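The values are calculated or read from the model by the stated rules, or taken from the named source; none is laboratory data. Everything numeric in this text was worked out from a predicted model, so none of it was measured. A quick note on method: Cβ atoms are made from the backbone with ideal geometry, for glycine too, and the neighbour counts reach across all protein chains shown. The accessibility values were calculated without ligands, DNA or RNA, using every heavy atom of the protein model including side chains. Shrake-Rupley method; radii C 1.70, N 1.55, O 1.52, S 1.80 Å.
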Amino acid sequence: MNDKYSKRITITHVPEQGLTSDWLHPIENSFVSAGIHRVTGAGPLLRIIGKTLNKAGIFRKVMHGGSEASIVQLAQLTAYRAFPRAMWQEIIPDCFDCWEPDYEKWTDLLQRLEPKVAFFSARQSAAYMEQNVPGLQAIWAPEGIDPTDFTSQKPLRDRTIDVLELGRKNDAYHASIRDLSSRRPYVHLFEKERGAIVFASRAKLVAGLADSKLSICFPSSVTHPARSGNVETLTQRYLESIASGCILLGRCPIELRDLFGFDPVIAVDEGDPAGQIEHILANIDNYTELTYRALIRLHEVATLEVRTQRMLSQLEAKGYHR
């Protein structure tokens, strides 16, 4: 065993509730199911103190010690989840939403907390942080989902939503297909105004995806360039659409192609985007094999269980232990 990393792996509990934390809880539970001990996270008062100290740049490592290294989920620079544990104990950040415009903030945070190993959901961000944070080993850990949360049984031809655009649209592409429903009796769902929600609850989202034929998917670097910069990464929307048996139409992140070993996304026809959709819908049964192949591959490489075991194997190879 490498003495440098011979510490027991734990996972820090995310105690709060909300849209982001509800998404993080299944990840935490996946580590617990793999035999990783859950340790207490920061309570309400400590979260406030942690936020304040981090904003002031004061929250930092003050001593090295302890026999544990705790995985802490840092989504959107939420360093307070590591407070106060990271001041005296080694943490292993599991970093989400590490976007190019915030790289300076991320490097500052990681330099203050001094982790030896950190995981990043975006491969480009992992490469950047390894080059710019001294002593850090940054590892790409692509996102995963629990596919049992979704249903793919309904045949494509029987689904009632023809085209679904979830979240912020690719405005240029949307403009090219928005009149589609006036040409044919198609059902086309999208946000009617910026920030509007297509499905008002998680249950409605799951049901809506299961009833959709085409799910329009573009990387955040295309739909949210001000937020994401040039970071093109695999997001949950791709995996949720695959788990629901949808046909994915848009642009495939290189990460997704590399993870799956093939491209599960039909590239848009820039010359005739509306005509392409009409052709796909008119020949919908021809795409069942592609959706099934993508679903099988998701179960092999992109579930939360697979993601967790991959991360634990990488840590154990460095000398950490359960």
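A few remarks follow.
- GLU114 - accessible surface, heavy atoms, 1.4 Å probe, Å² rounded to 10: 80
- Using a simple spin-label model with pseudo-atoms 7 Å out from Cα toward Cβ, HIS299 and ILE197 lie 3.1 nm apart.
- Relative contact order (percent, whole number), region 1-98, Cα cutoff 8 Å, 6+ residue spacing: 31
- For the chain, built as a Gaussian network whose Cα springs stay under 10 Å, the top-fluctuating residue of ALA196, ALA138, ALA118: ALA196
- Each of HIS37, HIS188, HIS279 has its accessible area taken with a 1.4 Å probe; listed largest first, they run HIS279, HIS37, HIS188.
- For semi-axes √(5λ) of the Cα gyration tensor in Å, computed directly from the structure shown, the correct entry in (1) 28, 25, 23; (2) 34, 22, 21; (3) 39, 20, 18 is (3).
- For the options ALA141, ALA175, ALA69, a Gaussian network treatment of the chain with springs between C-alpha atoms closer than 10 Å singles out ALA175 as fluctuating the most.
- According to the Kirkwood relation over distinct C-alpha pairs, the hydrodynamic radius of region 38-120 is 12.7 Å.
- Magnitude of the charge dipole for the chain, about its Cα centre and with charges confined to Cβ atoms of Lys, Arg (+1) and Asp, Glu (-1), is about 960 debye.
- Remark: accessible surface ordering of LYS204, LYS154 (largest first) is LYS204, LYS154, probe radius 1.4 Å.
- The chain - mean residue ellipticity at 222 nm from DSSP helices (-39,500 (n - 2.57) per run, n ≥ 4, rounded to 500): -11500 deg cm²/dmol
- Lysines with Cα under 17 Å of LYS154, excluding same-chain neighbours fewer than 8 positions away: LYS204, LYS213
- Approximate spin-label separation GLN236-VAL32, in nm, with each point projected 7 Å along Cα-to-Cβ: 1.7
- With a Förster radius of 35 Å applied to the C-beta separation of ILE58 and LYS318, the computed FRET efficiency comes to 0.70.
- Within the same chain, aspartates and glutamates fewer than 8 places from LYS61 are excluded, and of the rest, those with a Cα less than 15 Å from its Cα are GLU90, ASP108, GLU114.
- Here ASP146 sits with roughly 60 square angstrom of accessible surface, probe radius 1.4 Å.
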